[in-house]
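Since the structure comes first, as structure tokens, the remarks are kept for the end.
The values are calculated or read from the model by the stated rules, or taken from the named source; none is laboratory data. Source: prediction; values computed, not measured. We place every Cβ from the backbone using ideal geometry, glycine too, and count neighbours over all the protein chains shown.
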Amino acid sequence: MRFALSPEQLDFGTSVRKLLDAGRTPAAVRGWATGDPRPGRGLIRQLAGAGVLGLAIDEEHGGVGAEPIDLVVAFVELGRAAAPGPLVETAAAIPALLQALPDKSAAARWLPDFADGAEMGTIALHNGVALDADSAEVVLIAAGGQLHTAHRTGLVRSVDPARRLFTVAADESIAEGDGVDDAIASAFDTGALACAAQLLGAGRALLDSTTGYAKQRKQFGKPIGEFQAVKQKLADVLIGLDLAEPLLYRAALTMGDATRTRDVSAAVIACGDAAYRAARAALQVHGAIGYTAEYDLSLWLTKVTALRSAWGTPDLHRARIARSLRDEAERQLRGTA
């Protein structure tokens with residue numbers, strides 16, 4: 001299995017990064033956190049124009065119909081920029097859910113507007129909490145083999161001010177019965193994969209900013225980056241991120257295989273742990289300034305903290321891996337009996 005990205009995928013990632021850099025993403029994140037989504041919506045429309053929101057949407061619904069690895073490339077850059085909004089839900093989870101349903105009418109109803117950035121969607125899976133339900137035009141709730149539209153009922157506090165969480169309650173029934181549970185499972189795994197990619201990108205951004213700071217900040221007459229303890233800490237962060245990356249690519253490449261659940265969970269754990277290590281190192285190297293909300297570093301620190309459990313806690317994903325390995329071992333035993 002080849003984990004290296006193609007030149008076209010590398011170029012695509014570079015173009016998304018340039019778009020996000022030019023879009024003054026930190027300002028959009030701060031506006032989103034204070035209830036002003038206009039800069040963020042403008043950035044999301046630009047992303048849609050670049051094809052990012054349509055990557056997981058089939059061509060018949062106005063999307064690109066790209067492979068999961070292309071989605072990962074885009075979401076690494078979205079995480080690197082700490083981009084705001086229900087991007088995982090709009091560009092990954094909801095398209096996977098609606099396109100996996102036996103009845104494609106809901107996909108035809110909403111996905112074309114998602115692909116061109118005219119609308120955004122969010123979804124509550126299992127826990128009744130949806131991200132940015134005040135900004136998304138389409139709010140869904142899926143659980144127990146049923147899919148409904150929904151409305152928000154209350155605000156839930158998040159460690160990341162730019163992640164506005166709401167409890168939601170069901171309205172119109174969209175689908176139920178055969179195939180819905182499988183579609184929900186597909187949506188969860190696709191959303192978790194995109195979240196893992198965001199975590200990896202955020203970890204890379206934290207490492208870059210911390211390395212730059214360590215080269216400039218001086219103590220005892222020389223940059224702190226020359227101290228061995230700082231070098232070792234940043235080297236550990238780099239190793240963790242580099243080891244997580246192949247697991248992320250493998251999960252993208254096996255989305256249609258029997259090992260999908262296990263591979264996605266392994267990617268979430270590895271990317272989450274690596275990003276968390278990057279966040280801890282960033283705080284320790286930056287010192288007191290790293291704790292201030294006015295300093296841009298805080299945007300990535302809170303994002304990583306929130307994303308680590310946004311699509312399943314580490315314990316949940318470890319349990320999924322253990323269950324998958326146990327089931328595989330039992331199948332092998334039955335096959336040799």
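Looking at D132, D208, D160, which is the one that is surrounded by fewer than 19 Cβ atoms within 10 Å (Cβ to Cβ) and either touching an Asp or Glu at 6+ places or on another chain (Cβ under 6 Å) or of a type in the set (D, E) (or both)?
Values: D132 fails: surrounded by fewer than 19 Cβ atoms within 10 Å (Cβ to Cβ); D160 fails: surrounded by fewer than 19 Cβ atoms within 10 Å (Cβ to Cβ).
Answer to the selection: D208.
Check region 80-87 and report whether any residue there is in contact with a strand residue (DSSP E or B) (Cβ under 9 Å, 6 or more places away or on another chain) and surrounded by 24 or more Cβ atoms within 10 Å (Cβ to Cβ).
Of the residues in region 80-87, the ones in contact with a strand residue (DSSP E or B) (Cβ under 9 Å, 6 or more places away or on another chain) are 85-86.
Restricting the remaining residues to those that are surrounded by 24 or more Cβ atoms within 10 Å (Cβ to Cβ) gives 85-86.
Among the residues of region 80-87, at least one is in contact with a strand residue (DSSP E or B) (Cβ under 9 Å, 6 or more places away or on another chain) and surrounded by 24 or more Cβ atoms within 10 Å (Cβ to Cβ), which makes the answer yes.
Of E77, E89, E119, E59, which residue is acidic (D, E) and closer than 15 Å to D189 by Cβ? Show your work before the answer.
Numbers: E77 fails: closer than 15 Å to D189 by Cβ; E119 fails: closer than 15 Å to D189 by Cβ; E59 fails: closer than 15 Å to D189 by Cβ.
On inspection, the qualifying residue turns out to be E89.
Does region 91-127 hold any residues that are farther than 19 Å from A74 by Cα, aliphatic (A, V, I, L, M) and crowded, with 19+ Cβ neighbours inside 10 Å, and which are they?
Within region 91-127, L97, L98, L101, A106, A107, I123, A124, L125 qualify.
For region 189-223: of the residues being within 19 Å of T305 (Cβ to Cβ) and hydroxyl-bearing (S, T, Y), which is nearest to the chain's Cα centre (by Cα)?
So the residue we want is S209.
Could you list all residues from region 8-30 that are part of a helix (DSSP H, G or I), surrounded by 18 or more Cβ atoms within 10 Å (Cβ to Cβ) and not polar (S, T, N, Q)? Break it down stepwise before answering.
First, the residues of region 8-30 that are part of a helix (DSSP H, G or I): 8-22, 25-30.
Narrowing the set further to residues that are surrounded by 18 or more Cβ atoms within 10 Å (Cβ to Cβ) leaves 12-13, 16, 19-20, 25, 28-30.
F12, G13, V16, L19, L20, A28, V29, R30 - these are the residues of region 8-30 that are part of a helix (DSSP H, G or I), surrounded by 18 or more Cβ atoms within 10 Å (Cβ to Cβ) and not polar (S, T, N, Q).
Among L283, L253, which is the only one that is assigned by TED's automatic domain parsing to the domain that holds A205 and closer than 25 Å to A187 by Cβ?
Numbers: L283 fails: closer than 25 Å to A187 by Cβ.
Result of the check over L283, L253: L253.
Condition (residue is assigned to a helix (DSSP H, G or I), touching a strand residue (DSSP E or B) at 6+ places or on another chain (Cβ under 7 Å) and without any contact (Cβ under 8 Å) to a residue 12 or more places away in the chain) applied to region 207-221: is it met by at least one residue?
Residues of region 207-221 that are assigned to a helix (DSSP H, G or I), as a first pass: 207-216.
Now restrict to residues that are touching a strand residue (DSSP E or B) at 6+ places or on another chain (Cβ under 7 Å): 214-216.
Of the ones still in play, those that are also without any contact (Cβ under 8 Å) to a residue 12 or more places away in the chain are 215-216.
Checking region 207-221: at least one residue is assigned to a helix (DSSP H, G or I), touching a strand residue (DSSP E or B) at 6+ places or on another chain (Cβ under 7 Å) and without any contact (Cβ under 8 Å) to a residue 12 or more places away in the chain.
Of all residues being free of Cβ contacts under 8 Å to residues at least 40 places away in the same chain and of a type in the set (V, I, T) in region 114-153, which is nearest to W32 (Cα to Cα)? Just the residue, please.
So, considering only residues that are free of Cβ contacts under 8 Å to residues at least 40 places away in the same chain and of a type in the set (V, I, T), the one nearest to W32 (Cα to Cα) is T122.
Given the condition surrounded by fewer than 23 Cβ atoms within 10 Å (Cβ to Cβ), within 12 Å of the chain's Cα centre (by Cα) and at pLDDT 95 or above, answer yes or no: does some residue in region 165-188 qualify?
Yes, region 165-188 contains at least one residue that is surrounded by fewer than 23 Cβ atoms within 10 Å (Cβ to Cβ), within 12 Å of the chain's Cα centre (by Cα) and at pLDDT 95 or above.
Taking into account only those residues within region 277-320 that are aromatic (F, W, Y) and touching a residue at least 60 places away in the same chain (Cβ under 8 Å), which is nearest to V237 (Cα to Cα)?
Pass one, region 277-320, residues aromatic (F, W, Y): 291, 295, 300, 311.
Then keep just the ones that are touching a residue at least 60 places away in the same chain (Cβ under 8 Å); that gives 300, 311.
Values: W300: 15, W311: 23 Å.
Only one residue fits best here, namely W300.
Restricting to region 159-178, name every residue that is in contact with a helix residue (DSSP H, G or I) (Cβ under 6 Å, 6 or more places away or on another chain), in a loop (DSSP other than H, G, I, E, B) and not basic (K, R). Steps first, answer last, please.
Taking region 159-178 as the starting set, the residues that turn out to be in contact with a helix residue (DSSP H, G or I) (Cβ under 6 Å, 6 or more places away or on another chain) are 159-163, 174.
Okay, now just the ones that are also in a loop (DSSP other than H, G, I, E, B), so 159-163.
Within region 159-178, V159, D160, P161, A162 meet the criteria.
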